[in-house]
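The values are calculated or read from the model by the stated rules, or taken from the named source; none is laboratory data. Every value quoted in this text rests on a predicted model; they were computed, and no experiment measured them. Note that each Cβ is placed from the backbone with ideal geometry, even for glycine, and that neighbours are counted across all protein chains shown. Side chains are part of the model used for accessible areas, which takes the heavy atoms of the whole protein and leaves out ligands, DNA and RNA. Shrake-Rupley method; radii C 1.70, N 1.55, O 1.52, S 1.80 Å.
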Amino acid sequence: MKNNYYKLIFLFALSTLTFSCSNDDDNTTETPIEKLTEHKYLRIFLSDEKTTALTLVNPLEATTSSFDAKFAKSALYTTESGRYAGIIHRANNTVETFDSGFESHGDHVDVDGIPKFGALVGQSVTPTHFKSKIGELLTFNDGDGTLSVGKESEINTAGAKFKLINAGLLAHHGAMASFTNGTYAITQKDNSVTGTLPEKVKIIDATGKTLFEATIATKGIHGNATDGTYAVFGSASGVLVVESSGKQKLITLPEDFGAAWFGTILETKAKGKFIGYTAAKGAYAIDVVNETIKPILQSTNIIQCKVSYNATKLGILLNTGEFKLFNLTSLQVEKEGKPIGQTASDAPSKPQMQLTERFAYITSPTTGELWQLDLATMAIVKKIKVSATPYAITILGFENSKSH
């Protein structure tokens with residue numbers, strides 16, 4: 001009897017020690033050091049509102065490199081591969097390209113030269129919307145209704161130019177989307193609606209030949225995205241979904257929208273699922289297969305609504321300085337806080353934002369800084385001086401720290 005009693009005491013002590021050690025282990029591995037830093041081969045690229053300054057930020061080292069674009073206030077976009085950027089000078093009819101110098105090989109990243117401007121340039125009439133799919137860079141040219149197409153593989157080819165595709169369209173504030181089969185969905189203007197917005201979408205090939213005429217007319221289109229199978233456009237008549245086969249359909253907007261509609265459509269990681277955003281109502285999840293539109297955050301105080309670089313999260317920055325991070329699978333808030341001060345609704349320049357898997361990057365137009373927000377703690381952990389009036393922001397490179 002006594003032996004059994006001592007055995008129980010021993011086992012209890014052993015289990016307590018094991019539990020204690022286990023807790024100690026958990027405490028040391030709960031937040032690995034790597035999670036507190038940005039990936040080695042990822043960069044933040046910024047333009048300036050008033051000057052030609054471009055700034056390439058290494059957020060891991062909090063260092064910067066400076067470049068000069070051809071013109072000020074350029075819009076910045078990342079190409080499909082993540083290596084390059086498109087630099088759009090809408091008012092100056094010019095497109096430049098930029099090479100981060102990073103080359104991804106899946107499990108690791110190679111440094112393939114220094115960051116520099118690409119040789120590929122474009123000249124077109126008011127290049128506006130930019131997209132990059134199937135190894136191409138696309139702009140829709142509002143001034144004459146044409147498309148310009150460049151190849152990622154030619155960005156560093158001397159003398160490379162964007163090719164012009166003329167589909168016989170009227171000039172309008174348009175948009176386009178690429179399909180994986182190499183065809184394009186492109187907006188058309190028929191003047192059934194006053195103003196510069198188009199009303200329809202048709203399918204063309206790489207020569208500009210019409211493959212499928214539009215089958216649905218809307219009361220105005222703005223905003224578009226594609227996953228290669230579905231091209232999705234925001235419209236005053238509903239969410240217009242177009243397939244490469246020419247099939248088209250409208251998804252009805254929520255009943256309480258009234259005259260509001262999605263002027264911005266964002267892509268996600270999941271096939272057939274997109275984000276719709278309108279300042280008048282907020283951010284919504286669009287499922288084009290099941291034809292549903294579900295609210296993520298209903299608010300009229302959103303400054304920025306951005307999908308993360310890996311397209312699995314949604315970051316929303318409010319005028320109040322609040323930031324909310326949503327999981328795009330569950331549509332639930334994962335983290336929230338108030339990391340920055342309030343922004344006046346009539347502020348002449350407002351913060352711009354991009355997200356990686358670990359951090360949000362927010363511009364501070366009044367201080368000329370880039371602020372790094374730790375998504376785990378909801379705290380600003382770095383303030384990096386960039387140009388005097390930071391304007392556009394995009395992410396280049398890869399969420400990877402492994403070299404060859």
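Things worth noting here:
- Over the range 312-404, all Cα pairs binned in 10 Å intervals from 0 give whole-percent P(r) values of 15, 47, 30, 7, 1, listed from short to long.
- For the chain, the longest principal axis of the Cα atoms and the long axis of helix 2-29 meet at an angle of about 30 degrees.
- Estimated at 0.36 nm per residue, the fully extended path between V381 and E291 surpasses their Cα-Cα distance by 28.3 nm.
- In the range 115-263, the portion of solvent-accessible area held by carbon and sulfur atoms comes to 53 percent [1.4 Å probe, whole percent, DNA, RNA and ligands not counted].
- Rel. contact order, % - alpha carbon contacts under 8 angstrom, at least six apart, the range 98-173: 26 percent
- Straight Cα distances below 14 angstrom link K50 to the aspartates and glutamates D68, with same-chain residues fewer than 8 positions distant left out.
- Label-to-label distance for V111 and T320 is 4.5 nm, based on points extended 7 Å past Cα in the beta-carbon direction.
- Modelled label reach - L211, point 7 Å along Cα→Cβ, the range 124-158 residues with backbone N closer than 20 Å: 131-141, 146-152
- Between the range 177-224 and the range 305-336, the alpha-carbon center distance in angstrom: 31 Å
- Placing a pseudo-label 7 Å from each Cα along the Cα-to-Cβ vector at N310 and S66 gives an inter-label distance of 3.5 nm.
- A Förster distance of 51 Å, applied to the separation of the beta-carbon atoms of T300 and A91, puts the FRET efficiency at 0.95.
- At a probe radius of 1.4 angstrom, the accessible area of the chain per residue rounds to 46 square angstrom.
- Taking 23 Å as the straight-line reach from the Cα of K209, the lysines in range (excluding those fewer than 8 positions away in the same chain) are K131, K133, K151, K161, K163, K189, K200, K247, K249.
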